[in-house]
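First the structure, in the form of structure tokens, and then the observations on it.
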Amino acid sequence: MIVLQCPYCDEQRTEEELTYGGEAGIARPGLSAPDTEWTDYLFMRTNPKGAHHELWCCTAGCGQWFLIARNTVTHEVSEIRRLDRPFDKPPPEDRTLANVGDPGAVDAAGALQGYRP
């Protein structure tokens with residue numbers, strides 16, 4: 001079970017009281033961007049095995065969205081930040097082929113090779 005301390009209301013919440021918002025730091029394409037950019041923005045995520053930045057909402061409390069740095073394997077949360085204080089740098093690259101899984105199915109970043117919707 002994931003338990004997080006909201007940086008706004010300072011209350012400790014279980015994952016049932018929170019809403020997962022997905023991968024943090026995804027830039028929205030411009031209105032004139034091609035369909036492939038919009039497809040990537042809406043559907044493609046890195047889904048790493050290891051360090052990851054995520055958005056969460058304190059749904060049962062103050063309703064504010066916040067950022068966390070979490071290891072997707074161990075669920076260890078290394079940092080929690082308010083949205084007005086974004087992370088200084090991306091999560092550490094811990095996505096080698098040995099870390100991701102089947103080297104025949106993924107590239108070094110953990111994405112499916114040759115996949116394009």
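Within segment 32-81, if we keep just the residues that are basic (Lys, Arg) and touching a strand residue (DSSP E or B) at 6+ places or on another chain (Cβ under 6 Å), the residue that is surrounded by the most Cβ atoms within 10 Å (Cβ to Cβ) turns out to be 70. The residue pairs whose first member lies in segment 1-13 and is touching a residue at least 12 places away in the same chain (Cβ under 8 Å), whose second member is among the aliphatic types (A, V, I, L, M) and part of a loop (DSSP other than H, G, I, E, B), and whose beta carbons are closer than 7 Å, counting only pairs six or more residues apart or on different chains, are 4/18; 13/60. Taken over segment 21-50, the criterion of being over 9 Å from the mean Cα position of the chain (by Cα) and not in a loop (DSSP other than H, G, I, E, B) is satisfied by 35, 36, 37, 38, 39, 40, 41, 42, 43. Looking only at segment 63-84, count how many residues are closer than 17 Å to residue 45 by Cα and part of a strand (DSSP E or B). Result for segment 63-84: 5.
Any read-out appearing in this document is the output of simple, stated calculations on the displayed coordinates, not a laboratory observation. From a predicted model like this one, the values you see are computed outputs, not experimental measurements. Note that we place each Cβ from the backbone using ideal geometry, even for glycine, and neighbour counts take in every protein chain shown.
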